[in-house]
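Notes follow once the structure below has been shown.
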Amino acid sequence: MKNNLFIYTTKYDWILIISILLISVMMFFIPFFGITSLFNSSTETHKTVVIRAENRIEKISLDKSFTDKPVIIEVKGPIGISKVAMHKGKIWMEEAPDDDPHKLCEKIGIIDSVGPRLVCVPNNVIVWIEVNK
């Protein structure tokens, strides 16, 4: 008795199966390499750190973070001063205000690319990275 799978499949069925498998494999690896790196032809980009606090926006070049020691930026918000640190292209919330009950913004972690944001809700501070070409 022959295998019924090969009797009822045509050449086009196999093309469809293989193309679906290839697309699945590609979709698996795209998050590791980033979709922007596939389509971004220019290699020279300038990253800027954007800090928004109390409807004020401050932009700082990420190039200033490539020093021997972390650069600390004090950001005044409604409940106190948040300290944002940047070092070698990475940004994190060094210290939350004393009045911040849970200090969750310190625990968010490090951002180093466009997309993720550091948010301190009680102090109304948001930090993110933008790319300027």
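The values are calculated or read from the model by the stated rules, or taken from the named source; none is laboratory data. This one's a predicted model, so the numbers in the text were calculated from it and none came from an experiment. Counting neighbours? That spans all protein chains shown, and the Cβs are built from the backbone with ideal geometry, glycine included.
Taking the criterion of being among the β-branched types (V, I, T), at pLDDT below 90 and part of a helix (DSSP H, G or I), would at least one residue in segment 33-55 satisfy it?
Yes, segment 33-55 contains a residue that is among the β-branched types (V, I, T), at pLDDT below 90 and part of a helix (DSSP H, G or I).
Could you pull out the residue among K69, K83 that is part of a loop (DSSP other than H, G, I, E, B) and modelled with pLDDT of 90 or more?
Just a single option satisfies the conditions, and that option is K69.
Output the residues belonging to segment 57-88 that are among the acidic types (D, E) and closer than 19 Å to I108 by Cα.
E74 - this is the single residue of segment 57-88 that is among the acidic types (D, E) and closer than 19 Å to I108 by Cα.
What tally of residues in segment 50-90 results from selecting those that are of a type in the set (A, V, I, L, M), out of contact with any Lys or Arg (no Cβ under 7 Å at 6 or more places or on another chain) and closer than 18 Å to V114 by Cβ?
5
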